[in-house]
Amino acid sequence: MRRVPIVVRENKRIDNPEDRRMSSSVANGKKQSWWSLVVWLVFPLVCLTSCSMEDVRDACCESVVLQYRYISKGKDMYAQFVHTERRFLFDSNGKFMYEVPVDSTHRPIVRLRRLPKGTYSMLTIGNRTEKGSYLDAMKPGITSLQEITLALGRRTADQQAFANAEELFWNLRTFDARCKQTCTYLCDMANLHCYLHVKIGWEGDLPLGSDRYTLELSKLLPRYRMEINPKYTLEVKGKAPNGADRNEPTPNYSVHHYPYAPAPHDAVVRTVNSLRGRELFYEVRTLRYLNEAIPTLQVWHDGVQLFKRPIDLTPIFKDWGWYPNLNPEQVYRIELRILKSGQVEVKPWVSGSVLDWEDGGNFGG
C-alpha cells in the first residue's frame, strides 16, 4: 500500500477557551478525515487481495472450480498432451446448457460463478478439430448428454476409409454447486486414441511396381458415446483412500474413465507410405482398442492385397499379453517380415518373441 506522508506542524499556543474549542473541533475533523482516508486506501486493497482468481484453493469467492490434469507415468502432463479443449455444461437432467469459454491463460482451470444450487456435468474434449473428428451438434435445453457421439471424421482421398484419427482426450465430471461456498473438483483427462507403429520388411525380392504401399486396419471403433462406462475405469496413480469413492480423484490418486464404444466395430483406417530402402514404416492413429475390438491388418500394393487374408492381431496381442483395456496409454509397436515362403513373421518391434503367420490365416511353427 502506498504510504501517505504525514506533515507535523508546530501550532501556536492558544489561550482563548473559545479558540481552544474551535481548534479542538478542527483537529477532530482533521482526525476523522485522516481515518476516512486510511479506510478508503486500505479497504480496496483488502478486497483485492482476499480473493485470488488464480488460487483454486481460495474459499472466499463463491464459485465452482474445476481443475484439469492429465496424469502420464505419475506426472501431470496436461500442457504437453492437451493443446486445445472445448467444454460443454449440462444440467442435472443431462440437458445441454451452454459451451463454457476457455481462458487461454489458465487452460487447466475453470471457474464457474453464479450457478444456481444443484448438480451439473461438464463434458470436456481435448484436441478435436472440426475436420478431424465428428461431434454431434448441441442445442441448449434440447440435446441430452446420452445422445452425443464423438466419432472418426477425416476421410481418405477416395472416401473409402478413414484417415488417421486425432490425438483425442476427454473428461466427464459431475459436480455440485452449493450456496455461499467455493467447491473445487479435480478432473482427470483420459486419452481416447491408440498408436500402432508398424515396420515391414522382406526376406526375398520386393514386389514389382511402385514404391507406394497402403496399410489398412479394420474392425476398429468408429465412435464413442459421451457417457462414462462404469466397467471401464483405470487407476493410473496411487490408491483411493480407505473407504473413499474409487471414482473420486484426489491430489495423490488419479483415475481415468472411458466412454461407451457402441457396436458395430467396423471402421477402416488407411494410411499410405513409400519404401525406405527395403522397409516400410507406419504410424497409425485410431480410437482406442478394446480387448474385444483389436483390429486386423492388411497391406495393399498397386490395388492388390499383399496377404490373402488380413492378419488378425487379436490372438497375437493375447499371446504377447497385450490387453488394451489395461493400458491408459495405448502405444504398440509390431514388426512384420515377409518370408520367401510366403509366411509372415510377426513380432513385437525391438522385442524378442516371434510368432509365425502362414499366408491364408494359419499360425505356423
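Residue 171: out of contact with any Leu (no Cβ under 6 Å at 6 or more places or on another chain) and surrounded by 21 or more Cβ atoms within 10 Å (Cβ to Cβ), yes or no? Criteria met by residue 171. A single entry from 111, 128, 154 fulfils the requirement of being touching a Gly at 6+ places or on another chain (Cβ under 6 Å), basic (Lys, Arg) and surrounded by 14 or more Cβ atoms within 10 Å (Cβ to Cβ): 154. Of all residues in region 289-310, those that are within 23 Å of residue 224 (Cβ to Cβ) have Cβ atoms under 9 Å from Cβ atoms of residues that are part of a strand (DSSP E or B) and of a type in the set (S, T, N, Q), 6 or more apart or on another chain, in 289/330; 295/218; 295/286; 296/218; 297/218. Taken across region 267-286, residues that are touching a strand residue (DSSP E or B) at 6+ places or on another chain (Cβ under 7 Å) and small (Gly, Ala, Ser) do occur, with at least one present.
Of the numbered criteria (1) over 21 Å from residue 321 (Cα atoms); (2) in contact with a Lys or Arg (Cβ under 7 Å, 6 or more places away or on another chain), the one residue 296 fails is (1).
Before we move on, is residue 122 crowded, with 18+ Cβ neighbours inside 10 Å and in a loop (DSSP other than H, G, I, E, B)?
Details: crowded, with 18+ Cβ neighbours inside 10 Å: yes; in a loop (DSSP other than H, G, I, E, B): no.
It is false that residue 122 is crowded, with 18+ Cβ neighbours inside 10 Å and in a loop (DSSP other than H, G, I, E, B).
Every test in (1) among the small types (Gly, Ala, Ser); (2) farther than 30 Å from residue 267 by Cα; (3) under 19 Å from the mean Cα position of the chain (by Cα); (4) at pLDDT 95 or above is passed by residue 132 save one, and that test is (2).
Matching residues to (1) in contact with a Cys (Cβ under 8 Å, 6 or more places away or on another chain); (2) more than 19 Å from residue 284 (Cβ to Cβ):
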| site | (1), (2) |
| --- | --- |
| 171 | yes, yes |
| 176 | yes, yes |
| 222 | no, no |
| 231 | no, yes |
| 239 | no, yes |
| 247 | no, yes |
| 255 | no, yes |
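Out of curiosity, is residue 321 at pLDDT 95 or above, surrounded by fewer than 16 Cβ atoms within 10 Å (Cβ to Cβ) and under 36 Å from the mean Cα position of the chain (by Cα)? Here the answer is yes, as residue 321 does meet what is asked.
Within region 165-191, which residues are hydrophobic (A, V, I, L, M, F, W, C) and either closer than 19 Å to residue 237 by Cβ or in contact with a helix residue (DSSP H, G or I) (Cβ under 9 Å, 6 or more places away or on another chain) (or both)? Spell out how you get there, then give the answer.
If we filter region 165-191 for residues that are hydrophobic (A, V, I, L, M, F, W, C), which is where we start, we get 165, 168-170, 172, 175, 177, 179, 183, 186-187, 189-190.
If the condition is that a residue be hydrophobic (A, V, I, L, M, F, W, C) and either closer than 19 Å to residue 237 by Cβ or in contact with a helix residue (DSSP H, G or I) (Cβ under 9 Å, 6 or more places away or on another chain) (or both), then 169, 170, 172, 186, 187, 189, 190 are the ones that fit.
Would region 239-257 turn up any residue that is within 24 Å of residue 133 (Cβ to Cβ) and hydrophobic (A, V, I, L, M, F, W, C)? Within region 239-257 (the criterion being within 24 Å of residue 133 (Cβ to Cβ) and hydrophobic (A, V, I, L, M, F, W, C)), the answer is no, since none of the residues qualifies.
Does residue 201 qualify as being touching a Lys or Arg at 6+ places or on another chain (Cβ under 6 Å), over 30 Å from residue 126 (Cα atoms) and modelled with pLDDT of 95 or more? Here the answer is yes, as residue 201 does meet what is asked.
Elements of the type strands (runs of 3 or more DSSP E) sitting completely within region 218-330 and holding at least 2 residues that are outside the structural domain of residue 200 (by TED's automatic domain parsing): these cover 223-237, 254-260.
Take the residues in region 252-288 that are of a type in the set (S, T, N, Q) and buried (at least 19 other Cβ atoms within 10 Å of the Cβ); name whichever of them is nearest to residue 230 (Cα to Cα).
Filtering region 252-288 down to residues of a type in the set (S, T, N, Q) leaves 252, 254, 271, 273-274, 286.
Those still in the list that are buried (at least 19 other Cβ atoms within 10 Å of the Cβ) too: 254, 271, 286.
Numbers: 254: 16, 271: 33, 286: 22 Å.
Top of the filtered list is 254.
Among residues of region 85-111 that are of a type in the set (Val, Ile, Thr) and modelled with pLDDT of 95 or more, those with a beta-carbon under 8 Å from a residue that is surrounded by 18 or more Cβ atoms within 10 Å (Cβ to Cβ) and in a loop (DSSP other than H, G, I, E, B) at least six positions away or on a different chain give the pairs 109/56. Among the criteria (1) at pLDDT 95 or above; (2) exposed (fewer than 15 other Cβ atoms within 10 Å of the Cβ), the one residue 349 does not fulfil is (1).
The values are calculated or read from the model by the stated rules, or taken from the named source; none is laboratory data. Note that the structure is predicted; figures quoted are calculated from it, not measured. Note that each Cβ is placed from the backbone with ideal geometry, even for glycine, and that neighbours are counted across all protein chains shown.
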